[in-house]
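What follows draws every value from the coordinates through simple rules; no lab data is involved. Just so you know, these numbers come straight off a predicted model, no measurement behind them. Here Cβ is always computed from backbone atoms with ideal geometry, including for glycine, and neighbour counts include all displayed protein chains.
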Amino acid sequence: MGRVWQYASDSGYEARQSMVGFTVEAADGVIGHVDRQQDQPGRQHLVVDTGVWKFGRSVLIPAGAVTSIDAAAQKVEVAPSREEIKSAPRFTTDSETADPGYLSEVDDYYLSLPT
C-alpha cells in the first residue's frame, strides 16, 4: 500500500493533531464530520460520519485524499467528490481497518480516481 495512506506534505497535517469533530468537505459540498482517525504510519485515514446524507453511514477516507486541514476553522478538505466518496468500498466496522483485503480494495479505488 502506498501514498493514499499518508497525508501530503502540504496538507497542513500535524502529527498528534486530533481532527475528531472537524467538518469534512469536498469541492461539491459537506460530506460529514470526522468521527475517528488513525495515525498509524502506512494506514493513516479518517472515519467520517456522513449523517448529513440520507441514511447516513460512516466512510473511510484515506489520508492521501485530504488536500487541506484548517485547525482554526476545524475543517478538512478532500479531493474526491461526494459521489466518488459515496461510491468507495463500503465501510461497516473498525475491524476492516486491519483487514488487508479491504484496505487493498480501498487503496485500488482511490488510486483509480482522476487526480
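Listed values, structure above:
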| item | result |
| --- | --- |
| Rounded to 5, percent antiparallel among DSSP beta bridges of the chain | 85 percent |
| Estimated dipole of the chain in Debye, rounded to 20 [Cβ of Lys and Arg +1, of Asp and Glu -1, Cα centre] | 180 debye |
| Residue-count net charge about TYR102 - beta-carbon cut-off 13 Å; Lys, Arg +1, Asp, Glu -1 | -4 |
| Amide N proximity, the range 64-101 versus LEU111 label position 7 Å along Cα-to-Cβ, cut-off under 13 Å | none |
| At R0 = 25 Å, FRET efficiency that the Cβ-Cβ distance of VAL30 and ASP99 yields, to 0.05 | 0.30 |
